[in-house]
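The values are calculated or read from the model by the stated rules, or taken from the named source; none is laboratory data. Computed from a prediction, not measured in an experiment: that's the story for all the values here. We place every Cβ from the backbone using ideal geometry, glycine too, and count neighbours over all the protein chains shown.
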Amino acid sequence: MLKWLPIIVVLLLLNGCGVFGGSDNTEPPAKLVEFESSLHVATDWFVDTGRGSGKYYLRLNPYSDNGRIYVVDDDGRVGAYDLKKGKRLWTVKYDLPVTGGLNGGEGLLVFGTANGEVVALNQENGEELWRSTVSSEVMSIAPVALDVVVVRTNDGKIYGLNSDSGSLRWQAGRKTPALSLRGMSVPLITHGAALVGFDNGKLAAISLTQGNVLWEAAVAIPRGRSELDRMVDIDGLFEEWDGVVYVATYQGRLAAINLQNGNVIWSRNMSSFTGLTVDGSNLYLTDEFSNVWAIDKRSGATLWKQPALRMRMITAPAVIDRYVVVADYQGYLHWMDKYEGSFVARVQSDDEGVLATPLVIDEHVVMLGKSGELTSWKVWK
């Protein structure tokens, strides 16, 4: 079954706002609260990169390397931009239905298509280097590492492709449940392994070079009478810090897992399909209702919860200095104090909304909107 649930959620939200008419029987997005801004955030630069994600639910995240930002849209237009000024360095058009990416590394840019194609480009000029075909629609691609490109497809398969040619090095996979969320988490590459979150609530560590499973951990166990009740997808961002992997599932749990053996250190009830980020002390998470949480990494205890963005379909959080940043369905970028959760600034760029998590690079917060507007924000002191 196609993974369309977040799109259904969007439609329900719009219906609740009266877009389609009829009775209002769903919870509407929270109205933005007024507050006195204590942080001066302003646009550093912005540029139109193409069609963005178009009409589809696609998290086409920008990729950054060596002072450049790379972007792909849903129609196969790829562009490179200077991080400091936003200057367009090159643009190429491949006329392909992009569904996964963009990612890169080792001089490559890689994206995937609805037709099961994986395309690798040269970072310097966008020239196509190779193209490979996998079993179905490409949903996500990991950063390139150790000469391997890790690709996830809609039928639950994971491919390890040789980065120099696109040839198959190894293949793995898990059975996909009958009903699951639209989208798949991007595999996390760390310590020679690809960490992959599955739609059955399990996280696996796969050898990057050999493709064998090193360990597998059950973050959440499917429960309930219906297929909908048993959905426990790992679809959001997860991270590793000092040998511990922090991961959350939809309708399941948030857990800290030992990177060496897959043992669960702690876990608690939590539901998220966008994911989390971590810093030296805490983790920050967006739950399924768009509440933002700060949680102690050592114990899983709640430090604060910010409910004022409820149902605004916000992204996973990003952290810059002492601030937590999220974007919402109207293109607002919300800045919160990471120690208290209070709002300190709010800005807007792409009014068509944002699906991609804000990207923090040095002093820049880079945001790619649904319409393809790429904006760099800075704190001005």
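What the table shows:
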read-out	value
Looking only at the stretch 200-230, and only at residues there that are over 23 Å from ARG268 (Cα atoms) and not hydrophobic (A, V, I, L, M, F, W, C), the one that is surrounded by the fewest Cβ atoms within 10 Å (Cβ to Cβ)	ASN212
Restricting the stretch 287-344 to residues that are of a type in the set (Gly, Ala, Ser) and over 28 Å from ASN258 (Cβ atoms), the residue that is farthest from the chain's Cα centre (by Cα)	SER342
When residues of the stretch 268-277 are limited to those that are touching a residue at least 40 places away in the same chain (Cβ under 8 Å) and of a type outside the set (S, T, N, Q), the one farthest from ARG298 (Cα to Cα)	PHE273
Residues located in the stretch 80-97, provided they are surrounded by fewer than 19 Cβ atoms within 10 Å (Cβ to Cβ) and part of a strand (DSSP E or B)	ASP82, ARG88, LEU89, TRP90, THR91, VAL92, LYS93
Restricting the stretch 340-364 to residues that are in contact (Cβ under 8 Å) with a residue 60 or more places away in the chain and among the hydrophobic types (A, V, I, L, M, F, W, C), the residue that is farthest from PRO307 (Cα to Cα)	ILE361
Enumeration of residues in the stretch 108-128 that are surrounded by 18 or more Cβ atoms within 10 Å (Cβ to Cβ) and not in a loop (DSSP other than H, G, I, E, B)	LEU108, LEU109, VAL110, PHE111, GLY112, THR113, GLU117, VAL118, VAL119, ALA120, LEU121
Exclusive hit being buried (at least 19 other Cβ atoms within 10 Å of the Cβ) and on the phi > 0 side of the Ramachandran plot, set GLY105, GLY100	GLY105
Exclusive hit being of a type in the set (A, V, I, L, M, F, W, C), within 19 Å of PRO187 (Cβ to Cβ) and out of contact with any strand residue (DSSP E or B) (no Cβ under 7 Å at 6 or more places or on another chain), set PHE289, PHE273, PHE238	PHE273
Complete set of residues in the stretch 249-265 that are under 20 Å from GLY280 (Cβ atoms) and either surrounded by 19 or more Cβ atoms within 10 Å (Cβ to Cβ) or of a type outside the set (A, V, I, L, M, F, W, C) (or both)	LEU254, ALA255, ALA256, ILE257, ASN258, LEU259
Yes/no for MET231 being of a type outside the set (D, E, K, R) and in contact with a helix residue (DSSP H, G or I) (Cβ under 9 Å, 6 or more places away or on another chain)	yes
Condition met for LEU355 (modelled with pLDDT under 95 and within 21 Å of GLU239 (Cβ to Cβ))	yes
Complete set of residues in the stretch 228-267 that are closer than 23 Å to PRO143 by Cα and aliphatic (A, V, I, L, M)	ILE234, LEU237, VAL244, VAL245, VAL247, ALA248, ALA256, ILE257, LEU259
Test: SER23 is part of a loop (DSSP other than H, G, I, E, B), at pLDDT 95 or above and loosely packed, with under 14 Cβ neighbours inside 10 Å	no
Any hit, the stretch 237-248, residues being under 25 Å from PRO29 (Cβ atoms) and surrounded by 16 or more Cβ atoms within 10 Å (Cβ to Cβ)	yes
Residue check for PRO29: modelled with pLDDT of 80 or more, buried (at least 18 other Cβ atoms within 10 Å of the Cβ) and not aliphatic (A, V, I, L, M)	yes
First in the stretch 198-225 and without any contact (Cβ under 8 Å) to a residue 60 or more places away in the chain and farther than 25 Å from LEU168 by Cα, second anywhere and among the hydroxyl-bearing types (Ser, Thr, Tyr) and assigned to a loop (DSSP other than H, G, I, E, B), Cβ under 8 Å, 6 or more apart	GLY201/THR249; VAL219/THR249; ALA220/THR249
Subset of the stretch 26-78 (residues that are of a type in the set (Phe, Trp, Tyr), within 20 Å of GLN330 (Cβ to Cβ) and part of a strand (DSSP E or B))	PHE46
